[in-house]
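See below for the structure under consideration.
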Amino acid sequence: MNKEIATEIEEFFSQKGHNIPISEIESRLDKLINEFKVPTEEARRSVVNYFLKEYNIPKGDFFVQQGETPTVKVSDITSDGKWINISAKVAQLWDNNHESIDQAGLIGDETGTIKFVKWAKAELPSLVEGKSYLFKNVVTDNYQERFNIKFNRTSLIEEIQEDIEIGTLSVEFSGAMVGIQLGSGLIKRCPECNRALIKGVCGEHGKVEGTYDLRIKAVVDDGMSAQDALINREISEQLTGITLDEAKQMATEALDQEVVLEKFKDMLIGKYYLVKGPKLDRNILVEDISPLPPLELDQIDTIINQMEV
Ligand SMILES: [Zn+2]
């Protein structure tokens, strides 16, 4: 029994780069248990604490690892401050300029994607986009009402052979289209990286000869919250009845690309829609959008009448 505990303690500290002779651990345990009649669990804790202090290791590092860490899916993450294990694929790595952050981006499993942050201090292996990993002992967090996962010094990362398929849980959102953001309408994209150009300039490749595209970055509001919805060319064409070619024609005639955006705003803002599609980061990638009838005047009368009763 003491031997088992001693081995467990020895292994933990050896992972942290400290080789403690197992006999030393055992003799400390023996002394506490046999000489001082300390309960086994208490003795274990006491010996662990002794060595944690000796090597300046935070207590959480050992005791958190000993707890039952549940293995969860992305869609199970609904609260912060929970220690979890999760298998996921790296969907995106983001550019990051923070010295304290080693890597950040999105990981996902069949239930969806979630943001992660890997602290530089954690000294964990570098993640590769498109590879799948088992992330052990990572902690959930909440930032600006969105959940994310933090990888810290007590986390472990193992690459796995399984190629996890990232699922996209389709969501629905209905409300009024209250805004269409800049960068909507007729836009140009970089032929090399497909990024939308800003005044003919790609953030990565500088001034390039762009190719035209059509899109709508809509904001839909249901009265409780606002949701960003990204509408691609095909669905923008269906929604507005204006094709990419017609949009180019409009821009040529007006000598101004912005006329398309203005036209879209006139057509869509203030109307009610039901949007459906997978949610990636903060956007719904719209696969389907259908108009909803606004409340008719007689419906409003009915509601008011009911309220008076
Ligand atoms: Zn580019």
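The values are calculated or read from the model by the stated rules, or taken from the named source; none is laboratory data. On a predicted model such as this, the values are computed, not experimentally measured, just so you know. Don't worry about glycine lacking a Cβ; one is built from the backbone with ideal geometry, like all the others, and counts go over all protein chains shown.
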Response to the item:
Across (1) surrounded by fewer than 14 Cβ atoms within 10 Å (Cβ to Cβ); (2) within 16 Å of the ligand (Cβ to nearest atom), GLU165 clears everything bar (2)
Worksheet item: What number of residues within the range 117-146 satisfy the criterion of being modelled with pLDDT of 95 or more and of a type in the set (Phe, Trp, Tyr)?
Response: 2
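Yes/no per residue for (1) touching a residue at least 60 places away in the same chain (Cβ under 8 Å); (2) within 42 Å of the chain's Cα centre (by Cα); (3) in the same structural domain as SER155 (by TED's automatic domain parsing); (4) closer than 21 Å to GLU123 by Cα:
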site: ALA6; (1), (2), (3), (4): no, yes, no, no
site: PHE13; (1), (2), (3), (4): no, yes, no, yes
site: ILE20; (1), (2), (3), (4): no, yes, no, no
site: ARG28; (1), (2), (3), (4): no, no, no, no
site: GLU35; (1), (2), (3), (4): no, no, no, no
Practice prompt. May I ask you to verify whether GLY179 is part of a strand (DSSP E or B), touching a helix residue (DSSP H, G or I) at 6+ places or on another chain (Cβ under 9 Å) and surrounded by 11 or more Cβ atoms within 10 Å (Cβ to Cβ)?
Written response: yes
Discussion item. The conditions are (1) in contact with a Phe, Trp or Tyr (Cβ under 7 Å, 6 or more places away or on another chain); (2) at pLDDT 90 or above, and ILE84 fails exactly one of them. Which is it?
Written reply: (1)
Worksheet item: Which ones in the range 96-113 are closer than 21 Å to SER170 by Cα and at pLDDT below 90?
Response: GLU110, THR111, GLY112, THR113
Response to the item:
Of those in the range 18-54 that are modelled with pLDDT of 90 or more and part of a loop (DSSP other than H, G, I, E, B), the residue surrounded by the most Cβ atoms within 10 Å (Cβ to Cβ) is ILE20
Worksheet, complete the sentence: By residue number, the members of the range 78-100 that are among the aromatic types (Phe, Trp, Tyr) and over 16 Å from THR154 (Cα atoms) are TRP94
